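Only one structure is covered here, and it is reproduced in the block below.
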Amino acid sequence: MRWIAGMMAGSLAACAPVTQDMAPAPAEPETADTQPLDTISNLVDDEIPAQFDWQQSFPTWYAAVAPFRVIGSGKNGIYYVGTEGLAIYFIPTDAGHIVIDGGMPGQGQYVADAIRRLGFDPADVKILLNSHAHLDHSGGLAELKRMTGAQLIASEGDRSALEGGFYLGSEDDSAMNAPPVKVDRTIADGETVTLGKVTLTAHITPGHSRGCTTWTMPVLQDGKSYEALMFCSATVAANRLIGPPQYEGIVADYRKTFAMTKDWKPDIFLTNHPEFSGLMEKRARQQAGDPLAFVDREGFPAMMARLEKAFEAALQKQTLKYNAIMEP
């Protein structure tokens, strides 16, 4: 896999471990969003071994944190049931529960245990949602589905990768495989998922994956409604943008996502790698007594501006490298 060395360096920089008994030092946005992306885009021609040790290379993806509620009142709202480096969200309702993403392969039990620690029964999970079909976010879905019998809802663009258990465009790289999982219902841009009194809206924000799906929902706290957004991703990361592209139309898809989200200013924005939204820093403020620590209306536009800049830089770098290789 020709990008793995650069990916490892960048991802490790973005996912530095933090201790569980102290708040992590706030990450500067340029370090959290831009620098690792620049490193990841330095593609190389290495082949990743089939038995690659993900846990050794990405320890924060496996480091446990106590589950907690991000926002909400009573037993309602959005809860965090992920690890230090991989976000997974739990949304309870009076008609059953919803889980967004499943972490790495083998982490389904971790998610179930976290739900139980919050006082809920994982057997009551009725719906599984996915942000995108990469093994660090889809890997635990098959296990969760077997444990709960929940329905998996995902985009048509990511369906083949979820059901085939591969990374689209890198199908021959077995180390990137995830356990295949059947999609019970596909969802299109603007369609909704409702369970009990909770309704989530799907926004297809492609590029990072072909069917990358961002979810939004209103959430009540102390009688006031807040718009929460759980963003898929817009990093270049492991993707080839050129020569050949990871999938046909990927560059146009990234630009479509940046244009679509240009004016979005959610009250609360969450990401599937916690460091991109400063989740642990906000959690520390919440623990210190700020009930609205996760309300951050300027955070999402600022992050997207940095990601768009990083995308254009990565495209330029990959184009120059590809042209240099193609020159006689």
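The values are calculated or read from the model by the stated rules, or taken from the named source; none is laboratory data. What you are looking at is a predicted structure, and each value in this text was computed from that prediction instead of being measured. Please note: Cβ atoms are built from the backbone with ideal geometry, for glycine as well, and neighbour counts cover all protein chains shown. Keep in mind that these areas ignore ligands, DNA and RNA; they rest on the heavy atoms of the full protein, side chains included. Shrake-Rupley method; radii C 1.70, N 1.55, O 1.52, S 1.80 Å.
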Along the charge dipole of region 126-168, which of L128, A161, A150 sits closest to the positive end, that is, farthest toward it, with unit charges on the beta carbon of Lys, Arg, Asp and Glu (+1, +1, -1, -1)? A150
Amide H partners (placed H, <5 Å) of H97, local residues excluded: V125, K126, I127
What does the charge dipole of region 272-328 about its Cα centre add up to, to the nearest 20 debye, if the Cβ of each Lys and Arg holds +1 and the Cβ of each Asp and Glu holds -1? 60
Within 10 Å of each candidate Cβ there may be at most 10 other Cβ atoms; applying that plus a DSSP loop requirement, which GluC sites (Glu not before Pro) in region 158-236 survive? none
Among N272, M303, L241 the positive-end extreme of the charge dipole of region 213-328 (Cβ point charges): L241
J(HN,Hα) series, region 193-210, from Karplus relation 6.51 cos²θ - 1.76 cosθ + 1.60, nearest Hz, glycine and proline x: 10, 10, 9, x, 9, 9, 10, 10, 10, 8, 10, 7, 10, x, x, 4, 9, 5
Sorted by chain and number, the residues with a modelled amide H under 5 Å from that of T199, at a separation of 5 or more or across chains, are none
Per DSSP, loop trypsin sites (Lys or Arg not before Pro) in region 232-284 with at most 12 further Cβ within 10 Å: K262
Using a 1.4 Å probe on the protein chains only, how many percent of the accessible area of region 182-328 belongs to carbon and sulfur? 55
Quick one: grab Rg to one decimal and Dmax as a whole number for region 217-315, Cα atoms only, in Å. 15.8, 52
What is the count of Lys pairs in region 182-314 whose alpha carbons sit under 20 Å apart, if the two are 8 or more places apart or on different chains? 8
Roughly how many Å² is the accessible area per residue of region 116-164, as a whole number, for a 1.4 Å probe? 35
